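A short write-up of the structure that comes next.
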Amino acid sequence: MTAWDALAARRTGIPIFPPGHVWLAGAGPGDPGLLTLDAFAGLTQADVVVHDALVDQRVLALAGPQARLEFAGKRGGKPSPLQADISERLIALARARQRVLRLKGGDPFVFGRGGEEAMTLARAGIPFRIIPGVTAGLAALAAASIPATLRGINRAVIFAAGHGAEEDFDWAPLARTGQPIVLYMVMHNLERIVAAMLEAGLATGTPAAVIISASTPKQRVLVSTLENLAGDARAQKLEPPAIVVIGEVVKLRDELALAGPSAAVEPK
């Protein structure tokens, strides 16, 4: 039984991928088990898979034998394709009657430039479909045994991007909410952002964690405090891809992590 047959046996109404269409799909945080069935359907039918750098190789291996893989990854601080060039490539492939799967890590509409690409496709008259994915900000916390919400602790979760943030971005209102703050693409600016939150009055001992390569075999978790977070991450030489979470929910990891194995690093 092929992968497509297995999928068909488990779900009715599998979406059909027409030629000349683009599907903007989220690949989730890494683990192929977190891929949605619709994204998997796209992988099995696509003629071309235009993928980002953070899409796990195990996910790409699920592409059908007819599919051609095209890398279009953008990584902070490294040479990357221009966004305009990526969008134009999607249009050109669709106009050539290809089934184009634009595959992004996490969810395409959460800090993934999916909105920009969708608008470009719409303006060019290219038919497209949006396939949500499991966003890394939530998946990383779950994989690290940190609940994003817990009754009695928080009533909201804040998502923010640390990469490319303007120097004058005001972090103080976020810090003053007292709600957990989940940061994407933050490692290069971690010290500056932590300093801004401390200056805004967030307590030095606020629990914080860095989760590296969430849901993959390379996952590592560093638990620290806001005051020590940047120094501990630097001492452990932690590098992207990473999600940082700041807030009281981090304290729950000590209890929940006892239920199963998870890779952790200890601050020196």
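Do any residues in region 231-255 that are of a type in the set (D, E, K, R) have Cβ atoms under 6 Å from those of residues that are part of a loop (DSSP other than H, G, I, E, B), where the two are at least six apart or on different chains, and which pairs are they?
Qualifying pairs under 6 Å: Asp232/Pro267; Glu248/Ile153; Arg253/Ser145; Arg253/Ile146.
Tell me, yes or no, whether region 145-159 has at least one residue that is buried (at least 16 other Cβ atoms within 10 Å of the Cβ), among the polar types (S, T, N, Q) and assigned to a loop (DSSP other than H, G, I, E, B).
Scanning region 145-159 turns up at least one residue that is buried (at least 16 other Cβ atoms within 10 Å of the Cβ), among the polar types (S, T, N, Q) and assigned to a loop (DSSP other than H, G, I, E, B).
Could you check region 111-134 and list, in sequence order, the residues that are under 25 Å from Ala161 (Cα atoms) and in a loop (DSSP other than H, G, I, E, B)?
Phe111, Gly112, Arg113, Pro132, Gly133, Val134
Tell me, which strands (runs of 3 or more DSSP E) wholly within region 1-80 include 1 or more residues that are at pLDDT 95 or above and basic (Lys, Arg)?
Per the criteria, 68-71.
Given (1) open to solvent by 30 Å² or more (accessible area, probe 1.4 Å); (2) of a type outside the set (Gly, Ala, Ser); (3) in contact with a Lys or Arg (Cβ under 9 Å, 6 or more places away or on another chain), where does Glu117 come up short, assuming only one miss?
Unmet condition: (1).
Quickly run through region 28-73 and pick out the residues that are surrounded by fewer than 16 Cβ atoms within 10 Å (Cβ to Cβ) and touching a Phe, Trp or Tyr at 6+ places or on another chain (Cβ under 8 Å).
Ala53, the sole residue that qualifies.
Determine whether region 123-131 contains at least one residue that is more than 30 Å from Pro207 (Cβ to Cβ) and either among the polar types (S, T, N, Q) or modelled with pLDDT under 95 (or both).
Taking every residue of region 123-131 in turn, none turns out to be more than 30 Å from Pro207 (Cβ to Cβ) and either among the polar types (S, T, N, Q) or modelled with pLDDT under 95 (or both).
Which condition number does Ile14 fail, the rest of (1) more than 20 Å from the chain's Cα centre (by Cα); (2) surrounded by 20 or more Cβ atoms within 10 Å (Cβ to Cβ); (3) aliphatic (A, V, I, L, M) being met?
Only one criterion is unmet by Ile14, namely (2).
Quick grid of which residues meet (1) buried (at least 17 other Cβ atoms within 10 Å of the Cβ); (2) outside any helix (DSSP H, G or I):
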| site | (1), (2) |
| --- | --- |
| Gln179 | yes, yes |
| Leu202 | yes, yes |
| Val210 | yes, yes |
| Val249 | yes, no |
| Leu252 | no, no |
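Of everything in region 186-196, what is crowded, with 21+ Cβ neighbours inside 10 Å and either among the polar types (S, T, N, Q) or assigned to a loop (DSSP other than H, G, I, E, B) (or both)? Give them in sequence order.
Correct list: Val186 only.
Does Arg102 satisfy the condition of being closer than 24 Å to Leu62 by Cβ, at pLDDT 95 or above and not in a loop (DSSP other than H, G, I, E, B)?
Yes.
The values are calculated or read from the model by the stated rules, or taken from the named source; none is laboratory data. None of the values given here were measured: they were computed from a predicted structure. Ideal geometry is used to build each Cβ from the backbone, glycine not excepted, and the neighbour counts take in all protein chains shown. Ligands, DNA and RNA are stripped out before the accessible areas are found, and what is left, the full protein with its side chains, is counted by its heavy atoms. Shrake-Rupley method; radii C 1.70, N 1.55, O 1.52, S 1.80 Å.
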